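**Q** Below is one structure. I have some questions about it.
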Amino acid sequence: MTTTQTPPSDTTSTDDDFMAGELPTRRQDKLFEGITTGAGILILLTLAGVAFFLVQKSLPSLELPAESLPNAEDIGGYTWPLLFGTVYSAIIALLLATPLAIAIALFMTHYAPSKLAKTLGYVVDLLAAVPSVVYGLWGIFVLAPFFVPVYDFLADTLGWIPLFAPVVTPSGRNMASAALVIAVMILPIIASVSKEVFLQTPRLHEEAAMALGATRWEVIKTAVLPHGRSGVIGGAMLGLGRALGETMAIALVLSPTPGLIGFAVFTAQNPSTIAANIALSFPNFGGQERSALFATGLVLFVATFVVNYIARRIAGESTGY
Amino acid sequence: MSPEPATTTATEQSRMDADDQATTGQAGQADRDAANPELAAMASRTDSIDRTGEDTNRIDITDLDLYYGDFKAVEGVTMSIDPRAVTALIGPSGCGKSTFLRSLNRLHEVIPGAYADGKVVLNGNDLYGGKVDPVLVRRKIGMVFQSPNPFPTMSVAENVLAGLRLNAKKVPNADEVVEKSLRGANLWDEVKDRLDRPGSGLSGGQQQRLCIARAIAVEPDVLLMDEPCSALDPISTLAIEDLITELKEQYTIVIVTHNMQQAARVSDKTGFFNIEGTGRPGHLVEYDKTETMFTQPAEEATLNYISGRFG
């Protein structure tokens, strides 16, 4: 440490020993620096290792004979419908969950009495802790049958919209139920991130709105939501990341039609998702065909990265004050 | 400090009418919201013509106690605040003067557990009457805060219009309102070329004047200022003080300040709040013409405070 050995010229101290030499705690400091740097490097190596593994394992899929892939000519044709299903289900789930999550967060921060808000906060966090296989089973046996009459109604009245096209599958195990289950699963993430940013709304801005004669909703509209905007979007992107990778719940709830790309959410014909397809197909695929699954996994890996990157960009955007 | 006899009678009269008038006031507001915007604008103009009466916009406070839950923050304030004049509130930190100021537009009660006991009568309406909606009180009594707080995501013009947009989606003559309010806040010449830029991009002093423009854009009856210059440099402070002197032609102004020179410079009357000790409620020690307060106060505590001898 050169700075400690050459005291600044304006120092009047005559005690040279005081500034010279090394602090005994310096060594601990260096050791700790080494440990944390090691941890940082380790996580980068792990990530690189996963990426390398995926690339290496999926390369053979480029030369797979067409007959070894179900319902597809080549690996691109095999991956595309799965990617569609993954993104489609995740986006529907996001559209269902985000408004509800914002409403829950606003209720917890601005409407509920503090005790109720606290309890509700615990419950929301608890929702995040439920294993996805449990959500999957609940989706099959409770949620899907429960929503079948709703699907029937929507298909009857709004069936001319391709999204709601009939015929509704009697089991309810369709894209809509899968998206609903994912929505419930990502709700806690979005709600708790939103809650945190809403709580950080500067008191001064809320009071500025109140002093102008704003009602509670108007305070939220003029001060809370503009302040929380980037945080809520960041939370939604985190939720989207989880929705993209969701495996078990979808594998259980959705009964997929291989190779299908379709927008109808109520019918028995549903596109599958990458993660669920890997889980379902892995036992049935031989060594060579498995490279196709690795390829889809690589695509999912990249897609999740892109989403996370976008989330960081949006959440990191300074709000400008 | 007992108000003059004439005022007392008026106050008592208004107390009896308070509830009725509060209801009428609310209904009137609703009508105005629903009505044709041009008619509404005309109505508010008529309002300001009506405000020429001697005692219009006088605030009469009787026996006001303010609480935060079990803690009594302010006790037994009785005072009459002159219309179209500046009233300064001074006193040591924690003496309750800010709480008292915030009680005048019912903003102190937004803290959970906070409430008031007593009467605050403005133009015949008891602000704490049973049927009074605090939101409507705040539309009539504007406030400027310690630190400038323009809405960061809004432009200069949007900030000025923020209060009006709460009432109506479209503000008729928005450009005129923006110009008039910004001129009223002595800010127009500095920002007229960047009305669509973010309000948070202005300097601190400009932001504070923007907040004043935002407060007067809704044409309130009273303007409350909570240490409006404490975050500003001396030049910006001077600009705000000049502005306060201009604004008192139209508005009843109550200002809390820690700066006794400022109180002496801008105010017509001064109220001194003090506190006996930690945990005790603050109370109004003395309230008089500013000149009297700073030259020959009646109470020794006031003299000690203004001459820098505390306790």
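The values are calculated or read from the model by the stated rules, or taken from the named source; none is laboratory data. Remember, predicted model here, so these are calculated numbers, not experimental data. We place every Cβ from the backbone using ideal geometry, glycine too, and count neighbours over all the protein chains shown.
**Q** May I ask you to say which residue of A:F266, A:F301, A:F294 is touching a residue at least 12 places away in the same chain (Cβ under 8 Å), of a type in the set (F, W, Y) and not in a helix (DSSP H, G or I)?
**A** From the options A:F266, A:F301, A:F294, the qualifying one is A:F266.
**Q** Also: Test B:N105 against the criterion of being in contact with a helix residue (DSSP H, G or I) (Cβ under 7 Å, 6 or more places away or on another chain) and either in a loop (DSSP other than H, G, I, E, B) or over 30 Å from B:D233 (Cβ atoms) (or both), and give yes or no.
**A** Details: in contact with a helix residue (DSSP H, G or I) (Cβ under 7 Å, 6 or more places away or on another chain): yes; either in a loop (DSSP other than H, G, I, E, B) or over 30 Å from B:D233 (Cβ atoms) (or both): yes.
Taking the combined requirement at face value, the residue satisfies it.
**Q** Could you list all residues from the range B:155-166 that are more than 8 Å from chain A (Cβ to nearest Cβ) and farther than 12 Å from B:L210 by Cα? Even if it seems obvious, please write down each step before you answer.
**A** Initially, the range B:155-166 is screened for residues more than 8 Å from chain A (Cβ to nearest Cβ), giving B:155-161, B:164-165.
B:L164, B:R165, listed by residue number.
**Q** Now for a separate question. Restricting to the range A:211-240, give me the number of residues that are among the hydroxyl-bearing types (S, T, Y) and either surrounded by fewer than 23 Cβ atoms within 10 Å (Cβ to Cβ) or more than 9 Å from chain B (Cβ to nearest Cβ) (or both). Full working, then the answer.
**A** First, pick out the residues of the range A:211-240 that are among the hydroxyl-bearing types (S, T, Y): A:215, A:222, A:230.
Keeping just the survivors that are either surrounded by fewer than 23 Cβ atoms within 10 Å (Cβ to Cβ) or more than 9 Å from chain B (Cβ to nearest Cβ) (or both) gives A:215, A:230.
Residues that pass the stated criteria total 2.
**Q** Within the range A:281-288, is even one residue within 14 Å of chain B (Cβ to nearest Cβ), farther than 23 Å from A:F141 by Cβ and at pLDDT below 85? Walk me through how you get there before you give the answer.
**A** Looking only at the range A:281-288, we keep the residues that are within 14 Å of chain B (Cβ to nearest Cβ), and these are none.
No: the range A:281-288 contains no residue that is within 14 Å of chain B (Cβ to nearest Cβ), farther than 23 Å from A:F141 by Cβ and at pLDDT below 85.
**Q** A further question follows. Only one residue in A:V55, A:V142 is surrounded by 13 or more Cβ atoms within 10 Å (Cβ to Cβ), β-branched (V, I, T) and in a helix (DSSP H, G or I), so which one is that? Break it down stepwise before answering.
**A** On the way: A:V142 fails: surrounded by 13 or more Cβ atoms within 10 Å (Cβ to Cβ).
Exactly one residue qualifies, and that residue is A:V55.
**Q** Can you tell me which of (1) farther than 29 Å from B:L303 by Cβ; (2) more than 14 Å from chain A (Cβ to nearest Cβ) is the one B:N105 doesn't meet?
**A** All conditions are met except number (2).
**Q** Still on this structure, I have one more. So if I check each of A:A155, A:A249, A:A208, which one is in contact with a Cys (Cβ under 8 Å, 6 or more places away or on another chain) and either part of a helix (DSSP H, G or I) or within 14 Å of chain B (Cβ to nearest Cβ) (or both)?
**A** Numbers: A:A155 fails: in contact with a Cys (Cβ under 8 Å, 6 or more places away or on another chain); A:A249 fails: in contact with a Cys (Cβ under 8 Å, 6 or more places away or on another chain).
Just a single option satisfies the conditions, and that option is A:A208.
**Q** State the number of residues belonging to the range A:71-93 that are hydrophobic (A, V, I, L, M, F, W, C) and either surrounded by 23 or more Cβ atoms within 10 Å (Cβ to Cβ) or touching a Phe, Trp or Tyr at 6+ places or on another chain (Cβ under 7 Å) (or both). Working first, answer last.
**A** So the first thing to find is which residues in the range A:71-93 are hydrophobic (A, V, I, L, M, F, W, C), and the list is A:72, A:75, A:80, A:82-84, A:87, A:90-93.
Filter once more, keeping what is either surrounded by 23 or more Cβ atoms within 10 Å (Cβ to Cβ) or touching a Phe, Trp or Tyr at 6+ places or on another chain (Cβ under 7 Å) (or both): A:72, A:82, A:90, A:93.
Looking only at that region, the number is 4.
**Q** Just one of B:G201, B:G205 is of a type outside the set (S, T, Y), more than 14 Å from every other protein chain (Cβ to nearest Cβ) and surrounded by fewer than 24 Cβ atoms within 10 Å (Cβ to Cβ); which is it? Don't jump to the end; show me each part of the working.
**A** Numbers: B:G201 fails: more than 14 Å from every other protein chain (Cβ to nearest Cβ).
Sole residue among the options that is of a type outside the set (S, T, Y), more than 14 Å from every other protein chain (Cβ to nearest Cβ) and surrounded by fewer than 24 Cβ atoms within 10 Å (Cβ to Cβ): B:G205.
**Q** Here is a check on your reading of the model: is B:V144 within 14 Å of chain A (Cβ to nearest Cβ), of a type outside the set (K, R) and over 25 Å from B:K248 (Cβ atoms)? Walk me through it before giving the result.
**A** On the way: within 14 Å of chain A (Cβ to nearest Cβ): yes; of a type outside the set (K, R): yes; over 25 Å from B:K248 (Cβ atoms): no.
For B:V144, the condition - within 14 Å of chain A (Cβ to nearest Cβ), of a type outside the set (K, R) and over 25 Å from B:K248 (Cβ atoms) - is not met.
**Q** When you scan the range B:126-135, do you find a residue that is free of Cβ contacts under 8 Å to residues at least 24 places away in the same chain, within 14 Å of chain A (Cβ to nearest Cβ) and assigned to a loop (DSSP other than H, G, I, E, B), even just one?
**A** Keep residues of the range B:126-135 that are free of Cβ contacts under 8 Å to residues at least 24 places away in the same chain, which gives B:127-128, B:135.
Narrowing the set further to residues that are within 14 Å of chain A (Cβ to nearest Cβ) leaves B:127, B:135.
From what is left, the residues that are assigned to a loop (DSSP other than H, G, I, E, B) are B:127.
Checking the range B:126-135: at least one residue is free of Cβ contacts under 8 Å to residues at least 24 places away in the same chain, within 14 Å of chain A (Cβ to nearest Cβ) and assigned to a loop (DSSP other than H, G, I, E, B).
**Q** Also, I was wondering about something else. Of the numbered conditions (1) more than 10 Å from chain B (Cβ to nearest Cβ); (2) surrounded by fewer than 23 Cβ atoms within 10 Å (Cβ to Cβ); (3) part of a helix (DSSP H, G or I), A:P258 fails exactly one; give the number of that condition.
**A** A:P258 satisfies every listed condition except (3).
**Q** Kindly evaluate A:A191 against the criterion of being on the phi < 0 side of the Ramachandran plot, at pLDDT 90 or above and assigned to a helix (DSSP H, G or I). Talk me through it step by step, then tell me what you get.
**A** Numbers: on the phi < 0 side of the Ramachandran plot: yes; at pLDDT 90 or above: yes; assigned to a helix (DSSP H, G or I): yes.
Judged against the criteria, A:A191 is a match.
**Q** Select from the range B:178-198 the residues that are within 14 Å of chain A (Cβ to nearest Cβ) and within 23 Å of B:Y251 (Cβ to Cβ) and list them in ascending order. Can you show your working first?
**A** Step one: of the range B:178-198, the residues within 14 Å of chain A (Cβ to nearest Cβ) are B:181, B:197-198.
Hit for the range B:178-198 is B:S181, nothing else.
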